[in-house]
1. Only one of (1) at pLDDT below 95; (2) surrounded by fewer than 16 Cβ atoms within 10 Å (Cβ to Cβ) fails for Gly27. Which number is that?
2. May I ask you to list pairs of residues, at least six apart or on different chains, whose Cβ atoms are under 6 Å apart, with the first in the stretch 51-66 being in contact (Cβ under 8 Å) with a residue 40 or more places away in the chain and on the phi < 0 side of the Ramachandran plot and the second being in a strand (DSSP E or B) and of a type in the set (Phe, Trp, Tyr)?
3. Looking at the stretch 146-156, can you tell me whether even one residue there is surrounded by fewer than 18 Cβ atoms within 10 Å (Cβ to Cβ), charged (D, E, K, R) and in contact (Cβ under 8 Å) with a residue 12 or more places away in the chain?
4. Between residues in the stretch 116-128 that are in contact (Cβ under 8 Å) with a residue 40 or more places away in the chain and within 19 Å of Arg102 (Cβ to Cβ) and residues that are of a type in the set (A, V, I, L, M) and surrounded by 17 or more Cβ atoms within 10 Å (Cβ to Cβ), which pairs lie under 7 Å by C-beta distance while being six or more apart or on different chains?
5. Out of all the residues in the stretch 59-93, which are crowded, with 19+ Cβ neighbours inside 10 Å, within 14 Å of the chain's Cα centre (by Cα) and among the hydrophobic types (A, V, I, L, M, F, W, C)?
6. Output yes when any residue across the stretch 144-154 is at pLDDT 95 or above, outside any helix (DSSP H, G or I) and either closer than 15 Å to Thr49 by Cβ or among the aliphatic types (A, V, I, L, M) (or both), and no when none is.
7. Scan the stretch 33-58 for residues that are buried (at least 18 other Cβ atoms within 10 Å of the Cβ) and under 16 Å from Asn152 (Cα atoms) and jot them down.
Amino acid sequence: MGGNFLCTKKQPGGRAFDCPQINIMKGKNQMEKFEYPVRTDEEGFYNVTRQVRDAVRKSGVQDGVCVIYSPHTTAGITINENADPNVVKDMLFGLKKTFPDRPEYRHMEGNTTAHLKASFMGSSATVLIENGGLVLGTWQGIYFCEFDGPRNRRFYVKVLGSVPQGEARFC
């Protein structure tokens, strides 16, 4: 399934040549949305990789993409290293240095830096799905980024792709 093979075809005039044979899954297209709550204590990165994997598993999609989305203006989504917790600490330190609180900011809620960080980080990430699993690098994790906590938040995972129903071969 999903592999390439060689088959022989004949050109006009009878000459044979090898061509790639593509073995693809036939299936129905699937699109499903999942919502997950996140309780944040403070500014930080919250690893949500497990919840995203859960959404992909529940969807049954074997080949496709998933979009992870935050509907908040002071929170974001990113993909980064999940093996060394110091990476997250360094990223938060770098964001504080890049976007310091400034008396010139005019937003009346006083959380302009949270809006800046969320815009810089982005509100979504897209991950490929192959063989029913996320295509992430060895050290990658998916993070919900809180810049204005503590809060009760939520994020969405939309899974799009094909659910297998058989196999077709084309040459």
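1. Going through the list (1) at pLDDT below 95; (2) surrounded by fewer than 16 Cβ atoms within 10 Å (Cβ to Cβ), Gly27 breaks only (2).
2. Between residues of the stretch 51-66 that are in contact (Cβ under 8 Å) with a residue 40 or more places away in the chain and on the phi < 0 side of the Ramachandran plot and residues that are in a strand (DSSP E or B) and of a type in the set (Phe, Trp, Tyr), the close pairs are Gln51/Tyr36; Ala55/Phe34.
3. Yes, the stretch 146-156 contains a residue that is surrounded by fewer than 18 Cβ atoms within 10 Å (Cβ to Cβ), charged (D, E, K, R) and in contact (Cβ under 8 Å) with a residue 12 or more places away in the chain.
4. Lys117/Leu95; Ala118/Ala75
5. Hits for the stretch 59-93 are Cys66, Ile68, Ile77.
6. Among the residues of the stretch 144-154, at least one is at pLDDT 95 or above, outside any helix (DSSP H, G or I) and either closer than 15 Å to Thr49 by Cβ or among the aliphatic types (A, V, I, L, M) (or both), which makes the answer yes.
7. Val38, Thr40, Glu43, Phe45, Tyr46, Val48
The values are calculated or read from the model by the stated rules, or taken from the named source; none is laboratory data. All figures in this text were calculated on a predicted structure; none of them were measured in a lab. Cβ sites come from the backbone with ideal geometry, for glycine too, and all protein chains shown count toward neighbours.
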